[in-house]
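Notes to accompany the following structure.
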Amino acid sequence: MILFHETKLFFIPGDKMSNYMFIVKKVIAGAGILHIHLNRPEALNALSEGLMQELHHLFSQAKNDSSVKGVLITGEGKAFCAGADINQLATLNGQRGLSFAREGQAIFRTLEQLGKPSLAAIQGFALGGGCELAMASTMRIAADSAVFGQPEVKLGVIPGFGGTQRLARLVGKGRALDLCLTGRLIKANEALNWGLVSEVVPATELLTRATQILTNMLKLAPIALQSVMTVIDQGYDLSLSDAFELEATHFGLCCATQDKSEGVSAFLAKRTAEFCGE
């Protein structure tokens with residue numbers, strides 16, 4: 001059973017999921033930010049089946065809830081997320097492993113295709129599925145204590161929730177091969193140099209900075225934000241000419257919006273634009 005109280009989501013003792021996790025959901029007043037906080041610190045926020053199901057629910061809710069403008073993902077304790085639950089991994093055979101990977105990919109793809117900005121604020125370990133969760137977010141910033149890696153090869157498997165593909169697209173084929181073939185870990189500053197994260201801040205400032213970035217972004221035109229994310233996501237694997245056409249199409253769509261008129265008028269009048277998402 002689930003109770004909603006003061007914009008937080010709690011699992012009641014006795015609920016099946018409460019045996020190993022609960023997630024706190026909080027919409028930050030005034031900004032429309034859905035804060036998804038992974039809270040299994042005793043397991044380094046490992047991605048159990050229950051946690052994955054709840055993430056799917058929350059991502060789908062965020063996509064369809066007009067009051068949610070953006071998503072912030074954080075983790076409790078000394079890890080953002082240390083990856084898949086090893087006890088569950090131990091039970092997988094070939095067929096169940098295939099289904100497990102497909103389901104995880106679909107859940108993270110829902111996050112990637114929200115049509116709304118998402119930001120992973122990473123402290124401590126972001127390993128395996130945790131790194132994959134961060135990469136499925138629109139943007140990533142890290143505390144100076146953060147550590148990243150795709151160490152699945154050390155368990156006799158490979159990344160299964162999109163890690164081989166997103167990592168190569170973010171940092172390049174050579175660096176993706178480096179991390180996935182060696183299983184080695186990299187620290188926050190190296191992740192920044194590689195382009196895996198866009199900013200590194202002191203751990204004490206991580207949540208404040210993450211909220212600031214999202215809040216400032218959400219002051220901009222929602223349709224334009226969605227178009228930027230769509231064009232970059234879909235255009236990446238198209239031919240250059242097809243990607244240009246996709247960009248031109250979305251540029252035209254944006255030009256037909258009230259937000260475009262407001263943005264141009266505000267600029268000419270030297271005032272702050274007030275976008276309505278229409």
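The values are calculated or read from the model by the stated rules, or taken from the named source; none is laboratory data. Everything numeric in this text was worked out from a predicted model, so none of it was measured. Ideal geometry is used to build each Cβ from the backbone, glycine not excepted, and the neighbour counts take in all protein chains shown.
Here residue 43 fulfils each of the conditions (1) touching an Asp or Glu at 6+ places or on another chain (Cβ under 8 Å); (2) surrounded by 20 or more Cβ atoms within 10 Å (Cβ to Cβ) apart from (2). Per the listing 111, 119, 98, 170, the residue uniquely assigned to a strand (DSSP E or B) and either of a type in the set (A, V, I, L, M, F, W, C) or crowded, with 16+ Cβ neighbours inside 10 Å (or both) is 119. Part of a helix (DSSP H, G or I), in the same structural domain as residue 109 (by TED's automatic domain parsing) and touching a Ser or Thr at 6+ places or on another chain (Cβ under 7 Å): which single residue out of 207, 192, 253 fits that description? After applying the criteria, what remains is 207. From the list 69, 63, the lone residue that is of a type in the set (Lys, Arg) and either buried (at least 21 other Cβ atoms within 10 Å of the Cβ) or touching a residue at least 60 places away in the same chain (Cβ under 8 Å) (or both) is 69. Filtered by the rule that a residue be exposed (fewer than 12 other Cβ atoms within 10 Å of the Cβ) and of a type outside the set (Phe, Trp, Tyr), the stretch 213-244 gives 216, 237, 239, 240, 241. Looking at this structure, is residue 238 in the same structural domain as residue 124 (by TED's automatic domain parsing), out of contact with any Ser or Thr (no Cβ under 6 Å at 6 or more places or on another chain) and over 18 Å from residue 137 (Cα atoms)? So residue 238 fails the test.
Touching a Gly at 6+ places or on another chain (Cβ under 8 Å), outside the structural domain of residue 262 (by TED's automatic domain parsing) and on the phi < 0 side of the Ramachandran plot - does that describe any residue in the stretch 228-235? Scanning the stretch 228-235, I find no residue that is touching a Gly at 6+ places or on another chain (Cβ under 8 Å), outside the structural domain of residue 262 (by TED's automatic domain parsing) and on the phi < 0 side of the Ramachandran plot, so the answer is no. Listed conditions (1) in contact with a helix residue (DSSP H, G or I) (Cβ under 9 Å, 6 or more places away or on another chain); (2) part of a helix (DSSP H, G or I); (3) within 30 Å of residue 68 (Cα to Cα) are all met by residue 160, apart from (2). Only one of the listed residues (129, 162, 156) is surrounded by 14 or more Cβ atoms within 10 Å (Cβ to Cβ), more than 12 Å from the chain's Cα centre (by Cα) and within 22 Å of residue 103 (Cα to Cα). That residue is 162.
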